[in-house]
Structures are given as structure tokens and as C-alpha cells.
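Notes follow once the structure below has been shown.
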Amino acid sequence: MTKVLEFYKCDDCGTVVMVTHSGEGPVMSPGGKPMRLLEEKMQEEGLTEKHVPVIEKTANGIKVKVGSVPHPMIKEHYIQWISVKDGRNFFIHALRPGEPPEAEFPVSDPAVKSIIYCNVHNLWTNKK
């Protein structure tokens, strides 16, 4: 059974795709190989404190910070994007090396699900 929102990665070239509606058959890479479904992690020894999204309420909605300890933001290891899933809405904010690993979203409920993508450690979330 396919979820409404899935992420796949090509282990050869690093391409990551978001699937919002699945058809039949596997998701294929640009090179013609099946892509790997990325699982959302909530904990992993030595990595949790720098990857699990932390959400706080702000005057304009919510702010998502990556980790209780700020995540590195260097070219070789950084958070590529932060997202929030609020009911049927999905927001995504792209980041670049050198920027703070955080983003604000126009969402009123701080109990929403956030998913982040680390270019080294893949997908992380604050809830399943």
C-alpha cells in the first residue's frame, strides 16, 4: 500500500523525488534503476539531537528548527529542506549551506508533522 506522500532516492546519482500519487510499478531513477523508498526516522544513536525537527509557536505561525542542537550547514553535510504537513496542506522550504537550519510556516497548530531532509542522513520527522 502506498502512502499519500513518499520520498525516493537514487543511490547512484543522489536524486530525491517526492511522490504525491503513485501509479503501478516501482519509482525509477534517471538511470533506469528502481529508487529506494526513504523511511522517516525519529531517532538513531548519535544523530537524534541534530536531526529531529523542533517546533515552536511564533507570531506568524510556527518555526521549525532542525535539532535540539543546531545541525551543521556546510556543503558536504546540510539540511536541504524543511517541510510541514498540516492536514491536506504541505509546505516546503529549501535551504542552502551557510543558512540557519530553520524555517517559518503560516501554520497555527504547533502539533503538526515536520519532515526534514539531510543530504547525508536522509529523512527525519518529529512524529509518525
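The values are calculated or read from the model by the stated rules, or taken from the named source; none is laboratory data. A quick note: this is a predicted structure, and the numbers were derived from the prediction, not measured. We place every Cβ from the backbone using ideal geometry, glycine too, and count neighbours over all the protein chains shown.
Selection of the stretch 40-74 for residues being over 16 Å from LYS85 (Cβ atoms), more than 14 Å from the chain's Cα centre (by Cα) and small (Gly, Ala, Ser) yields GLY46, ALA59, SER68.
Please give the strands (runs of 3 or more DSSP E) falling wholly within the stretch 18-128 in which 2 or more residues are closer than 24 Å to TYR8 by Cβ and out of contact with any Lys or Arg (no Cβ under 8 Å at 6 or more places or on another chain).
On the way: elements: 53-58, 61-66, 79-86, 89-94, 102-105, 113-118, 122-125.
Because the criterion is at least 2 residues that are closer than 24 Å to TYR8 by Cβ and out of contact with any Lys or Arg (no Cβ under 8 Å at 6 or more places or on another chain), the strands (runs of 3 or more DSSP E) in the stretch 18-128 that meet it are 79-86, 89-94, 113-118.
Within the option set LYS113, LYS127, being surrounded by 13 or more Cβ atoms within 10 Å (Cβ to Cβ), within 17 Å of PHE7 (Cα to Cα), touching a residue at least 60 places away in the same chain (Cβ under 8 Å) and among the basic types (Lys, Arg) holds for one residue only, LYS127. Is it true that ILE62 is at pLDDT 95 or above and touching a His at 6+ places or on another chain (Cβ under 7 Å)? When the stated conditions are applied, ILE62 does not pass them.
Results for (1) under 23 Å from VAL112 (Cα atoms); (2) surrounded by 15 or more Cβ atoms within 10 Å (Cβ to Cβ); (3) modelled with pLDDT under 90; (4) not charged (D, E, K, R), shown as yes or no for each residue.
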position	(1), (2), (3), (4)
ASP11	no, no, no, no
THR15	no, no, no, yes
GLN43	yes, no, no, yes
GLY67	yes, yes, no, yes
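Hey, could you check the stretch 45-61 for residues that are farther than 23 Å from MET18 by Cα and aliphatic (A, V, I, L, M) and say which is surrounded by the fewest Cβ atoms within 10 Å (Cβ to Cβ)? Ranking the candidates gives ALA59 first.
Cβ-Cβ distances below 9 Å connect the following pairs, each with a first residue in the stretch 59-77 that is over 20 Å from PHE105 (Cα atoms) and assigned by TED's automatic domain parsing to the domain that holds ALA103, a second residue that is part of a loop (DSSP other than H, G, I, E, B) and among the aromatic types (Phe, Trp, Tyr), and a separation of six or more residues or different chains: PRO72/TYR78.
Are any of the residues in the stretch 85-97 closer than 18 Å to GLU49 by Cα and either crowded, with 18+ Cβ neighbours inside 10 Å or under 15 Å from the mean Cα position of the chain (by Cα) (or both)? There is no residue in the stretch 85-97 that is closer than 18 Å to GLU49 by Cα and either crowded, with 18+ Cβ neighbours inside 10 Å or under 15 Å from the mean Cα position of the chain (by Cα) (or both).
Among all residues of the stretch 35-44, there is at least one that is farther than 26 Å from HIS21 by Cβ and out of contact with any Ser or Thr (no Cβ under 6 Å at 6 or more places or on another chain).
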